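Everything on this sheet refers to the single structure shown next.
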Amino acid sequence: MPLKISRNTSLKVKFAVFTAISTAFIFLFLVIYVGKSQRSAAYSDSKTLALEVSRKASLETEKFFSTAFEVTRELARNFEVLKKNKIERKVLCQMLTKSLEDNRDFLAIWLLWEPNAYDGKDSEYSNKDHYDSTGSFLTTYFRANGDIKTEKNDIIDYQEDYYTIPKKRMHEVLIDPYEYQYRGFEKIYYETSVVVPLMYNYTFNGVVAVDINLKSLQDKLNAINIYQTGYVSLISNSGIIVSHPDSTVCKRYIKDFLKGTANSNIINTLTDKEKSYETVSEFSGKKVLRIIYPIVMGKTKSPWYTMIEIPLNEITDRSNQLLLTSFMILLIGLSLLIYLTINILERRKYEKVLLDAKLKAEESERLKTAFLSNISHEIRTPMNGIMGFTELLVSKDTSDEQRMFYKELIF
C-alpha cells in the first residue's frame with residue numbers, strides 16, 4: 001500500500017509541475033497580448049476623448065455667439081418695422097440699451113443707418129447728443145466698468161470693415177478678430193462683431209451689430225483641461241489664432257507657424273468635417289495628436305475652427321502604465337506558481353499527515369452534511385405552512401377576516 005501511494009504521489013507531482021509551467025507560459029502570452037491590446041485601446045480612447053472635448057469646445061463657442069446672432073436678428077426685424085411706422089430714433093436707442101443690459105456677455109451693441117436712410121432727418125440731429133456734425137444715425141452703446149456708456153461716433157465708421165463687408169455681401173457676417181478702443185475710453189479690447197444688415201424693401205439700409213469680448217472666450221477655452229498639457233485653440237475663418245495658451249501666439253495667422261511644413265495649407269483645405277492626424281506641433285515641438293473641428297457661426301457660411309493638440313506621450317502614458325501593471329501581475333503570478341510547485345514537492349514529506357487530514361476532513365464533511373440535512377428538514381416544515389397560508393391569502397374565495405387570520409398565523 002505505501003508503494004502505491006508513493007507512485008501516485010510522484011505522478012501527481014509531475015503533473016502539477018507541468019501544469020504550473022504551462023500556466024506560466026499561457027499567463028505570459030495573455031499578459032503580452034492583453035497589454036498590446038490595451039495600448040491600442042488606450043490610444044483609441046484618448047482620441048475619442050479628444051474628439052469629445054473638441055465637440056464640447058465647439059459647442060461652447062457656438063453657444064457664446066448664438067445669443068448675439070439671435071438678438072441682432074431680432075433687432076434688425078424690429079427696426080425695419082419701426083422705420084416703416086416712422087418711430088422716433090430714441091425708441092431704437094432704448095431697445096439697444098435694453099438688449100445690452102439683458103445680455104451681460106455683450107461688450108457693445110451698435111446701429112449704423114445709411115445717411116438719411118431711417119427718417120430723412122439727419123440734419124436735424126447735427127451735433128446733438130452723440131451725433132456728429134452730419135447727424136447720421138450712428139449709435140453705439142458699450143459696457144465699461146459695469147456702466148453703459150455712449151460712444152461718440154464718427155463718419156469714418158462707414159469705411160470700416162465691420163460696415164463695408166456686410167454692405168457688400170448683403171448678408172450677416174462675423175467680423176475677423178480686431179483690436180478696438182471706444183472713443184472716449186482708454187481701454188483697448190480684443191473683440192469681434194456679429195453684424196446683421198438692415199434690409200428695407202430689398203435695399204441695404206445699414207447694420208445692427210453686437211461686439212463680443214474675445215478675452216472672455218479665451219478664458220473659457222483655456223480652462224478646458226485635456227490630460228496634462230493638451231489644449232484647445234480657436235481659429236477664425238481667415239486663419240487668425242483667436243485663443244491659445246501661449247498669449248504671444250494670439251492675433252497672429254496660423255499660416256505664419258505652419259509655413260514650410262506639410263500642414264502649411266491647413267486652413268485652405270479645411271472643410272465642414274472634422275480632421276484628426278498625428279504631427280509634430282509647430283507650437284510646442286512635441287509629437288501630438290491634432291484635431292481640427294469646424295464651428296458653424298450663424299448663417300455666415302464661413303466656419304471658425306477649434307484645434308486641439310495632445311502630446312502623444314501623454315496619450316500613451318496610460319497604456320504604458322497598463323503594460324507595466326500587466327508585467328507586475330505576471331511576476332506576482334509566476335512567484336505564486338513557483339511557490340505552489342515547491343509546496344507540492346514538499347508534500348511528499350508530509351504524506352501521512354495529509355492523508356489523516358483528508359480523513360478528518362471527510363468525516364467533518366459527513367457531519368456537516370448530516371447537520372445541514374437536519375436543518376433543512378426543520379426549516380422546510382414551517383415554510384410549507386407559510387407558503388400554504390400565502391396561497392390562501394391571494395385566493396379570490398378568501399374573505400377579509402380569513403386573510404387577517406392567515407396573516408396572524410404566518411406572523
Be a star and scan the stretch 290-306 for residues whose amide nitrogen sits under 15 Å from the point 7 Å along the Cα-to-Cβ vector of Lys273. 292-294
For peptides 231-237, 295-301, sequence by mean Cβ density within 10 Å, most packed first: 231-237, 295-301
At what distance in nm do the modelled label points of Lys301 and Ser44 sit from each other, each positioned 7 Å from its Cα along Cα→Cβ? 4.0 nm
Apply the Karplus curve 6.51 cos²θ - 1.76 cosθ + 1.60, θ = phi - 60°, to the phi angles in the stretch 395-409 and return the couplings in whole Hz, x for Gly and Pro. 6, 5, 7, 8, 7, 5, 5, 5, 4, 4, 5, 5, 4, 5, 4
Taking 0.36 nm per residue of sequence separation and subtracting the Cα-Cα distance, how much length would be gained by fully extending the chain between Leu367 and Asn384, in nm to one decimal? 3.5 nm
For every other residue with a beta carbon closer than 15 angstrom to the beta carbon of Arg77, add +1 if it is Lys or Arg and -1 if Asp or Glu, then tell me the sum. 0
Along the Cα→Cβ direction, 7 angstrom out, place labels at Asp219 and Ser123. What is the inter-label distance in nm? 4.9 nm
What pairs in Lys255/Lys301; Lys168/Lys299; Lys63/Lys273; Lys128/Lys215; Lys56/Lys215; Lys167/Lys301 have C-alpha atoms more than 27 Å from each other? Lys128/Lys215
Net charge within 14 Å of Tyr200 by Cβ-Cβ distance, Lys/Arg positive one each and Asp/Glu negative one each, not counting Tyr200 itself? +2
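Each reported figure results from applying straightforward, stated rules to the coordinates on display, with no laboratory input. Just so it is clear, the model here is predicted, and its values are computed rather than measured. Backbone-built Cβ (ideal geometry, glycine too); neighbour counts: all protein chains shown.
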